[in-house]
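Colleague: If you scroll down you'll find the structure; I have some questions about it.
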Amino acid sequence: MPSGEPDPTGDHSPQQGPAGDEPPGSGRPPKSAAESRAAIEHAELEELRKRLAALEASTAPPRARHHRLRTSGSVVLIVISSLLALLSVIAVWTNSIIGDTDRYVATVAPLASNPDIQAALTNRVTSEVLAQIDVKAVVDQLSQAAVQQGAPPELGKLIGGLSGPITSGLTQLVSSTVNKVVTSDQFETLWVEANRAVHSSLDKALTGKGGGAVSLENNQVAIDIGPFVAKVKDQLVASGFGPAAKIPEVHTSFVVYQSKDIGKFKSYFRLLQIMGTWLPIIAVLVAAAGVFTAVNRRHGLIGAALGVAIAMLLLGVVLTVFRSFYLDHLPPGASQAAAGAIYDALIRFLRASIRAVGVTALVTAVGALLIGPSRPAVAIRTACSSSIGALRGVLTVHGMRLGPVGRFVHRYKRWIGAGILVVAAVVLATWSYPTAAVVWWIVVVVLVGFAIREFLDTGPTTSATSPTGTGHASAPPPAA
């Protein structure tokens, strides 16, 4: 119809399609077609979901299974390394007590001033000295001396019947003399020298080098206490007890340990030496394997460190419980106070080793936590970096220039951090018998080293025109 002419039907509205259809030229399909397509796509999606669920139910994903195997292997290795760490501490301590004379002397030296040890030693030496004195001969000598001085024969006979009181007085004399010896200022030196000689002889006996006062015979470990009795003899003579000069040279064997398996000690000692040397290295290697096997190696390191710390805690509890068991099973007549003092002295360095290893493990676990992505760790690192950066900025404003040093430190920052940790590990590993205090000082030095590294790091770029010499501001450096 020509434009501008009225529609003969009188309907001036545009032509409509079927109800619900889009107007022509809109570029979209009718709603019925879109709904049909959506329904088809939804059905296909549901079908794909069902097939995927069936596939997942039939076979586990290879990666998930691989991760489970790695995790299980890592846990097993970490548990083994924790047990080996416990055994390593015991082996190193036992080897040091038996094979290191200086270590043994340092262990027993404090016992010289222990009152319980002094009392027990006084009783033991007094009994040994009295066993070498012929009381009857002393009584007869006194009786004869009285007669020679003009006393009536009846008085000589009366003196001969006083063997009991004379024995009691002689016992008091010997006991007081021995007590003066063991409580004197010179006794500590005598005690150290005696124990050094005893331990040296014991080492010779166990290593098969021969000689010495300690022997492995008749299923016994026996110590010759003759030299110490000789010193007491000299003190008795000096105190005015003339008959003590007639005490012969004593070579009495004091049995320290008796067992039907005593002949195997030499083999055990050699095995102990090997374990004390190699078992700690094996424990570290097994722990490293457990960390390397873990899916998340940082978590593996935390687990290994906590495992060692728990092992040290368990060993400390066992030592405390065993002390009560040991004291409850002493032979009749033994002094529990002296035995407890000896036990505490012998395990003193073992406890120090336990604390040192435990502190090292805890520090390692905390360090692994602080380098992680957790919010507290990031906050601590950011706060430290900001504080050090603020100090560097203040000093730079006052004329300090780091120049190439700052760029070098920034470029090799991770290597410098690794070097600090390696040096600390080498120092700790080569330190003879480290204590918890040694570990803490090493940690302090490491923290100072990292602080200096952070202070010298001026960032990735340095502007020559910047008044501060630090260039544009940069985000805190990531954890090394």
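Read the figures in this text as sums done on the coordinates, not as results from a lab. Quantities reported herein were computed from a predicted structural model and do not represent experimental measurements.
Colleague: From the Cα gyration tensor of segment 284-381, with a ≥ b ≥ c the square roots of its eigenvalues, which class applies: rounded if a/c is under 1.5, or else prolate if a/b is larger than b/c, or else oblate?
Modeller: Working: a/c = 4.21, a/b = 2.87, b/c = 1.46.
Note, shape of segment 284-381 comes out prolate.
Colleague: Using θ = phi - 60° and the Karplus curve 6.51 cos²θ - 1.76 cosθ + 1.60, what whole-Hz ³J(HN,Hα) does each residue of segment 101-118 get, with Gly and Pro shown as x?
Modeller: Ordered by residue, 3J(HN,Hα) equals 5, 4, 5, 5, 4, 5, 6, 8, 4, x, 5, 4, 9, 7, x, 5, 5, 4 Hz.
Colleague: Enumerate the calculated ³J(HN,Hα) couplings along segment 385-398 in order (Karplus 6.51 cos²θ - 1.76 cosθ + 1.60, θ = phi - 60°), each rounded to whole Hz, writing x wherever the residue is Gly or Pro.
Modeller: Residue by residue, segment 385-398 yields 5, 5, 5, 5, x, 5, 5, 5, x, 4, 5, 5, 4, 8 Hz.
Colleague: A further question follows. Tell me, what ³J(HN,Hα) does each residue in segment 339-354 have, in order and in whole Hz, if you take phi through Karplus 6.51 cos²θ - 1.76 cosθ + 1.60 with θ = phi - 60° and put x for Gly and Pro?
Modeller: Along segment 339-354, the couplings run 5, x, 5, 5, 4, 5, 5, 5, 9, 4, 6, 5, 5, 5, 5, 4 Hz.
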